[in-house]
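The structure is given below, and queries will be raised subsequently.
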Amino acid sequence: MELALTWLLIIAFIIIMYILLDGFTLGVGLLFPLIKEDSERDIMVTTVLPVWDGNETWLVFAGAALYGAFPLAFSTLFPIWYIPLMLLIFGLLLRGIAFEFRLKAHETRRLWDWCLFGGSLMAVIAQGLVIGSFVSGFQFNPATGEAIRKQWFSGFGLFCALALIIAYGLLGSARLIKKTSGSLQTKFYKISAKLQWLLMLAVIIVGVYSPQSSRLQMRYWFDLQHSAFILVFLIIMAFLFAIHALAIKNRFENLPFASLIIIFILAYLALVTSNLPYLVPNQITFMQAKADDGALLFMLVGAAILIPVLLFYTAYAYKIFGGKTNEKISY
């Protein structure tokens, strides 16, 4: 129990690190069509070029950890999510290629700009479809016990994708407020001022619709045992959105990004805890999906080395490339 729970917490930590770190870089790509000047797009890209590939290391780590620690959940979930996961990988590859090629391309720069936007959009839509299907749960064939395919595509999943596009766009805008100055920074204040209301509306709609899409979610959200926790959660979320709105109105540089980070963490915790103890909603708990204790203990040694290394590398990279970005990078 202890080892399985430890690995559940480790994987939850790895995933939230990926969401927070790669979320704003995806958001920067999503904001590209709103900025017309090439010089300003160059600065946007320069703010994420030194760190975007390191951010994606957390995603690879999460997949490997789930495969090793909870092989039954991995073998059940990945066939269901095969198409959205392929879309995610293709989108991330396209975005990565566009990051590099647009630096040297001149005649085809617009093409690579659109590839950067398209790759980011594909990756975010894929993540939204995965989240939507995870919240809704899966149907399994009673005769074979196998999951019925194509459950990743639904109206709720598409709305989760739309909500995630808004959320990452706002996170990217908040990051760019921190990293830019002058007229470009002013543009992102205006973009954030609009996106924040859209995100609030999207969060409310997802919160209302989630219990109707899943019996597990219904039990969690309307169980009296959880009522105090849910009330506190809603109050804190409302307070953080108010803080963000005031920070945008008063032109604070750091507070919008910090408040959004906490909003993302709280929303993620609500998603994870409302599905416990299941890893495959309504079907497989984390105890049923776990590998044997010997394998979990062996993997724990590797995680104890790798996680501090990744945290140190991430912190060091953000320190080295901290501060304002006023010109494009070139190499």
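Determine, for each peptide in 102-108, 131-137, 265-271, the mean count of other beta carbons within 10 angstrom over its residues, then list the peptides with the highest first. Write down the numbers at each step before the final one.
Numbers: 102-108: 12.4, 131-137: 22.4, 265-271: 15.4.
In decreasing order of mean packing, 102-108, 131-137, 265-271 become 131-137, 265-271, 102-108.
Could I ask something else about it? Taking the dipole about the Cα centre of the chain, with the C-beta of Lys and Arg at +1 and of Asp and Glu at -1, give me whichever of 75, 291, 21 is farthest to the positive side.
Positive-most Cα among the choices belongs to 21.
Roughly how many percent of the accessible protein surface of the range 1-321 is carbon and sulfur, given a 1.4 Å probe and a whole-percent answer? Before the final figure, lay out the partial values.
On the way: 11160 of 15310 Å².
Carbon and sulfur together cover 73 percent of it.
Still on this structure: Quick one: if you take sqrt(5λ) for each eigenvalue of the C-alpha gyration tensor of the chain, what semi-axes come out, biggest first, whole angstrom?
Working: eigenvalues 223, 109, 78 Å².
Equivalent-ellipsoid dimensions as semi-axes: 33, 23, 20 Å.
Let me ask another. To the nearest 10 square angstrom, how much accessible area does residue 251 have with a 1.4 angstrom probe?
Surface open to solvent at residue 251 totals about 110 Å².
Another question, if that's okay. Can you bin the range 80-137 into rounded, prolate or oblate? Criterion: square roots of the alpha carbon gyration tensor eigenvalues sorted a ≥ b ≥ c, rounded for a/c under 1.5, prolate for a/b above b/c, oblate for the rest. Kindly include the intermediate steps, with their values, before the conclusion.
Numbers: a/c = 4.63, a/b = 3.26, b/c = 1.42.
In terms of gyration-tensor shape, prolate.
Now for a different question. Taking a ≥ b ≥ c as the square roots of the Cα gyration tensor eigenvalues, with a/c under 1.5 meaning rounded and otherwise prolate when a/b beats b/c, else oblate, which class fits the range 1-127?
Taking the square roots of the gyration eigenvalues as a ≥ b ≥ c, the range 1-127 is prolate.
I'd like the orientation of helix 109-136 relative to the chain: the angle between its Cα long axis and the longest Cα principal axis, in ° from 0 to 90, rounded to 10.
So the inclination is approximately 20 degrees.
Using the Cα centre as the reference, give the magnitude of the dipole from point charges on the C-beta atoms of the chain (Lys, Arg: +1; Asp, Glu: -1; all else neutral), rounded to the nearest 20 debye. Intermediate results must be reported in sequence, preceding the final value.
Details: 23 positive and 17 negative charges, 187 e Å.
Approximately 900 debye in magnitude.
Here's another thing I want to ask about it. Restricting to Cα pairs below 8 Å that are 6+ residues apart, what does the relative contact order work out to for the chain? Please round to a whole percent. Display every interim value, and only then the final one.
Working: 390 pairs, mean separation 87.4, N = 331.
After rounding, I find 26 percent.
When the gyration tensor of the range 230-331 is built from Cα positions, what are the square roots of 5 times its three eigenvalues, in whole Å, from largest to smallest? Each step should come with its number before you reach the end.
Details: eigenvalues 239, 141, 20 Å².
The answer is 35, 27, 10 Å, longest axis first.
Sticking with this one: So what's the back-of-envelope 222 nm ellipticity for the chain, counting only DSSP H runs of four-plus at -39500 (n - 2.57) apiece and dividing by all residues, rounded to 500? Kindly include the intermediate steps, with their values, before the conclusion.
Values: 13 runs with 260 residues, N = 331.
Rounded to the nearest 500, the figure is -27000 deg cm²/dmol.
So what's the gap between the Cα centers of the range 258-315 and the range 163-183, to the nearest angstrom?
About 27 Å separates the Cα centre of the range 258-315 from the one of the range 163-183.
Could you provide, to the nearest whole Å², the per residue accessible area of the chain with probe 1.4 Å? Walk me through the numbers on the way to the answer.
Details: 16110 Å² over 331 residues.
It amounts to 49 Å² per residue over the chain.
The values are calculated or read from the model by the stated rules, or taken from the named source; none is laboratory data. Nothing here was measured: the structure is a model prediction, and the numbers come from that model. Positions of Cβ are backbone-derived with ideal geometry, glycine not excepted, and every protein chain shown enters the neighbour counts. All accessible areas refer to the heavy atoms of the entire protein, side chains included, with ligands and DNA or RNA removed. Shrake-Rupley method; radii C 1.70, N 1.55, O 1.52, S 1.80 Å.
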